[in-house]
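Here's the structure, in structure tokens; my notes come after.
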């Protein structure tokens with residue numbers, strides 16, 4: 001059927017092929033018949049039954065199998081306008097979906113539909129009603145869009161009127177322009193940077209003056225520089241601090257030695273006596 005052909009009447013199968021059962025389903029009938037295979041010369045073009053009294057012939061699923069253009073039932077036409085079935089139902093006209101193929105995904109096959117099959121005598125009426133419905137839909141869409149636009153303008157104008165009323169009532173002043181505020185901020189930043197640079201230059205000049213004053217002192221001049229900084233002295237480490245403390249305690253140790261020597265001399269004099 002996918003090729004739009006059917007087996008001729010009275011033809012016998014060319015050969016028999018053993019059928020392949022579906023193992024994912026339980027076997028309802030273990031005695032599955034073999035599959036009949038026919039050759040191309042044993043087939044002919046499929047001619048579907050024509051439409052009778054405005055009724056379109058369908059398959060067991062309510063669709064029209066339209067794998068090939070030749071499979072279109074007689075007295076019908078294939079239309080691809082979207083939403084045509086809704087218009088046909090509204091007019092009371094028979095309309096069937098056209099199945100044009102199969103799509104294999106997700107581990108199974110799914111039918112592919114494209115368009116609708118309608119009787120030829122109802123084609124003009126259905127298309128005219130469909131175009132009318134499309135025009136009404138466009139008008140509704142434009143009306144909805146215009147309503148939204150006018151609503152936005154209404155909100156904007158209402159807000160401006162409220163602002164003007166508040167300004168008149170409370171004597172509010174207009175806020176400064178954002179560009180002017182930004183220009184003032186940049187001016188302030190520039191002035192701050194200039195002041196910072198001038199202070200850094202002044203500190204460098206003071207250091208140079210101190211160096212010149214030190215040179216004058218080395219030459220023997222009596223004048224002393226102004227704002228002379230004291231030389232920086234590093235704190236000694238812990239080991240040197242302990243050594244210094246030991247040196248400070250040396251005089252006391254000498255005193256103890258002298259006292260011991262004097263006591264020893266006095267004892268020797270007493271023994272002689």
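A short reminder: the numbers here are calculations on the coordinates, not readings from a lab. These numbers come from a predicted model, not from an experiment. Please note: Cβ atoms are built from the backbone with ideal geometry, for glycine as well, and neighbour counts cover all protein chains shown.
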Q: Determine, for 43, 76, the number of other Cβ atoms within 10 Å of each Cβ, and report the residues in order from fewest to most.
A: 43, 76
Q) Sorted from fewest to most neighbouring beta carbons within 10 Å, what does the list 116, 102, 130 look like? A) 102, 130, 116
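Give me 71, 16 sorted ascending by neighbouring Cβ count inside 10 Å, so fewest comes first.
Result, fewest neighbours first: 16, 71.
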Q: For segment 1-149, take the alpha-carbon Rg, divide it by the Kirkwood Rh, and send me Rg/Rh.
A: 1.14
